[in-house]
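The values are calculated or read from the model by the stated rules, or taken from the named source; none is laboratory data. Computed from a prediction, not measured in an experiment: that's the story for all the values here. Here the Cβ positions follow ideal geometry from the backbone for every residue, glycine too, while neighbour counts run over all protein chains shown. Remember, those area values only see protein heavy atoms, side chains included, never the ligands or the DNA or RNA. Shrake-Rupley method; radii C 1.70, N 1.55, O 1.52, S 1.80 Å.
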Amino acid sequence: MRLSQKGEYGLHALLELAQRYGEGPVQAGAIAESRHIPAQYLPQILISLRRSGLIRSGRGPRGGHELARPAAEITLLSAVEALEGSIASASCGDPDEPPACGERDMCVLAGVWRRVDEATRSILGGITLADLAREERERRTTPMYY
């Protein structure tokens, strides 16, 4: 699985909101600056995240963006799907999509792609934004010895 730039930036924006969860809305500029996301591109990403129900946004001087629910309730799978759409490796691995070759029943690769997709969904579904935020905080506080 390969993420687009939108996916990468979107995950970083969500991680920033997870780190600041409970502190109130965060301005887009603060997210962009903290996570090195191009400020002109971030609003498009935040719109996608808001439409998917992962974040809520408010306007005005006290406005900004925040997670719509606790970080422990948002999986990496739901975030990636909100940003990227389907995570299917190939159309033959996605039962909702017709295979490009038209031979789903005869193709030996279809079963392989289904297993890859199931494993990917299982891994991403087992990781929450809270897990990532906690790991990020630990990495920042653990001294590096060179």
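For the stretch 1-85, rounded, prolate or oblate, judged on the Cα gyration tensor with a ≥ b ≥ c (square roots of eigenvalues), a/c < 1.5 rounded, else prolate if a/b > b/c? Because a/c hits 1.5 or more and a/b fails to exceed b/c, the stretch 1-85 counts as oblate.
With a Förster radius of 30 Å applied to the beta-carbon distance between R137 and I47, the computed FRET efficiency rounds to 0.60. Applying 1/(1 + (r/R0)^6) with R0 = 41 Å to the Cβ-Cβ distance of R56 and M106 gives a FRET efficiency near 0.30. What the chain shows is 63 Å² of accessible area per residue, with the surface traced by a 1.4 Å probe over protein heavy atoms. Solvent-accessible area assigned to carbon and sulfur over the chain amounts to 52 percent, based on a 1.4 Å probe. In a simple Cβ point-charge model (Lys, Arg +1; Asp, Glu -1; nothing else charged), the chain has a dipole of about 580 debye relative to its Cα centre. In order along the stretch 48-54, the Karplus-derived 3J(HN,Hα) couplings, from 6.51 cos²θ - 1.76 cosθ + 1.60 at θ = phi - 60°, round to 4, 5, 5, 4, 7, x, 7 Hz, and Gly and Pro are given as x. Taking every C-alpha pair closer than 8 Å and separated by at least 6 residues, the mean separation divided by the residue count of the chain gives a relative contact order of 25 percent. The listed peptides 28-36, 131-139, 79-87, ordered by packing as a protection proxy, come out as 79-87, 28-36, 131-139 (highest mean of other Cβ atoms within 10 Å first). Once backbone amide H atoms are built at 1.01 Å from N, A68 has I55, R56 as its partners under 5 Å, excluding neighbours fewer than 5 places away on the same chain. Among S52, Q27, A79, which residue has its Cα positioned farthest towards the positive end of the charge dipole of the chain, with +1 placed on the Cβ of Lys and Arg, -1 on the Cβ of Asp and Glu, and the dipole taken about the Cα centre? Going by the Cα projections, it comes out as Q27. Helix 5-19 and the longest principal axis of the Cα set of the chain meet at an angle near 50°. Working from the Cα coordinates of the stretch 35-76, the gyration tensor eigenvalues give, after taking √(5λ), semi-axes of 18, 14, 10 Å in decreasing order. Close amide H pairs (under 5 Å, H built 1.01 Å from N) link Q27 with H65, residues at least 5 positions away or on another chain.
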